[in-house]
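I have placed the structure first, in the form of structure tokens, so that the comments after it can refer back to it.
The values are calculated or read from the model by the stated rules, or taken from the named source; none is laboratory data. Just so it is clear, the model here is predicted, and its values are computed rather than measured. Please note: Cβ atoms are built from the backbone with ideal geometry, for glycine as well, and neighbour counts cover all protein chains shown. Quick note on the areas: whole protein, heavy atoms, side chains included, nothing else; ligands and nucleic acids left out. Shrake-Rupley method; radii C 1.70, N 1.55, O 1.52, S 1.80 Å.
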Amino acid sequence: MGDIGVWLVFAHLLGACVWVGGHLVLALRILPAALRARDVGAIQRFEAAFEGLGLPAFALQVATGLWLALRLSPDPCAWLDLSDPLSRAILLKLGCLAASVALAAHARLRLIPDLRTETLPALAGHIRAITAVSVIFVLAGASIRAGGLGL
Ligand code: HEM
């Protein structure tokens, strides 16, 4: 892999650390404490602090990820070929991307502006789902070096 490829993987991994690490801290530490204390403030403070770092990290993931995918398989139409393990891994990543955008948009536009103790369980479901999707992103990414997703 040429020089730019090394920097792309480096940026992609750094963004993954921020995005996945932040969501794991939220889902496994801050959320359970907030649910026990019925305290929406803890989630709101975390979201406010994380947003400025997490969203640029996610944008970096999408940009570097698409670039890396185009380097590995230059014709995007070939990504639809489900018989190819590399295409399956790339498609899984694109599916995770669509799920993350839908979950984040719904949480940001609907749940967070009206966050109350009563609506906390709905947000908790979203947080767990987006965290699980972020871990699937890592699994799909790690599989690519090994040739892609085998069945
Ligand atoms: C938050 C979102 C994402 C996370 C956490 C993530 C995480 C990762 C990780 C941990 C790797 C393994 C790096 C390596 O061993 O080389 C990887 C590789 C990869 N990711 Fe992502 N990724 C994300 C989004 C995307 C997106 C949207 C795409 C676009 C299709 C993408 C495409 C790729 C490709 C093509 C590789 C293989 C790079 C290589 O080994 O050359 N990723 N990703």
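Computed from Cα positions, the angle between helix 40-72 and the longest principal axis of the chain comes to roughly 10 degrees.
Within the accessible area of segment 16-151, the carbon and sulfur atoms contribute 70%, probe 1.4 Å, all protein chains present. Taking 0.890 mPa s as the viscosity and 25 °C as the temperature, the Stokes-Einstein diffusion coefficient of the chain based on its alpha-carbon Kirkwood radius rounds to 149 µm²/s. For segment 12-96, the alpha carbon convex hull comes to 103 Å³ per residue, rounded to a whole number.
Once the 1.4 Å probe is applied to the protein heavy atoms, segment 56-136 comes out at 52 Å² accessible per residue. Summing charges over all other residues whose Cβ lies under 15 Å from the Cβ of Leu55, with Lys and Arg as +1 and Asp and Glu as -1, gives -1.
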